[in-house]
């Protein structure tokens with residue numbers, strides 16, 4: 001008959017140490033609050049709206065100078081397309097470029113940034129940020145309810161992640 005060892009199992013001891021280190025690292029990371037994310041989004045939306053309107057009015061003045069006889073008809077059509085143009089600027093340029101380089105202007109002002117949800121918390125890749133932005137666009141196009149639900153999900157999640165964050169394994173952290 002084999003007598004049981006009185007010393008602890010080295011594998012169990014190692015696993016326990018790893019679990020304790022992981023818990024300590026998670027406690028050190030401060031995730032961005034719902035308020036920080038909302039303010040950052042409002043700043044970003046205001047900025048993109050301003051850029052879109054600026055580009056639109058530059059185009060309108062060019063159209064008025066180039067084709068004055070049919071300018072009103074063309075400008076009326078373009079005014080209807082301005083919101084879609086703004087969303088496309090957001091999804092194709094602003095969000096992916098800014099998130100992959102450290103965060104959008106609104107997030108930088110609020111002291112938060114998007115990072116990969118692994119133990120290294122590194123900046124996400126451009127393609128990951130682009131895919132995340134396109135998924136959020138799909139949520140918006142689905143009658144806005146999924147995008148609102150995704151943002152409210154932050155309130156009920158330990159890491160304060162939205163649906164589109166969770167899909168791409170990203171978290172928004174407070175770096176101040």
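Structure above, values below:
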read-out	value
Residue under evaluation residue 121, criteria (1) more than 24 Å from residue 138 (Cβ to Cβ); (2) without any contact (Cβ under 8 Å) to a residue 60 or more places away in the chain; (3) under 20 Å from the mean Cα position of the chain (by Cα); (4) not in a helix (DSSP H, G or I), criterion not met	(2)
Tally, over segment 136-162, of residues that are surrounded by fewer than 19 Cβ atoms within 10 Å (Cβ to Cβ) and assigned to a helix (DSSP H, G or I)	13
Residue that is nearest to residue 60 (Cα to Cα) [pool: residues in segment 100-116 that are surrounded by fewer than 20 Cβ atoms within 10 Å (Cβ to Cβ) and modelled with pLDDT of 90 or more]	105
Helices (runs of 4 or more DSSP H) contained in segment 1-94 and holding at least 1 residues on the phi < 0 side of the Ramachandran plot, modelled with pLDDT of 90 or more and in contact with a strand residue (DSSP E or B) (Cβ under 6 Å, 6 or more places away or on another chain)	34-66
Scan of segment 61-99 for residues that are buried (at least 16 other Cβ atoms within 10 Å of the Cβ) and over 28 Å from residue 164 (Cβ atoms), ordered by number	63, 71, 75
Options 47, 42, 58: the member that is surrounded by fewer than 14 Cβ atoms within 10 Å (Cβ to Cβ) and either touching a residue at least 40 places away in the same chain (Cβ under 8 Å) or closer than 30 Å to residue 173 by Cβ (or both)	42
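The values are calculated or read from the model by the stated rules, or taken from the named source; none is laboratory data. Small disclaimer: the values here were computed from a predicted structure and weren't measured. Reconstructed Cβ throughout: ideal geometry from the backbone, glycine too, with neighbour counts over all protein chains shown.
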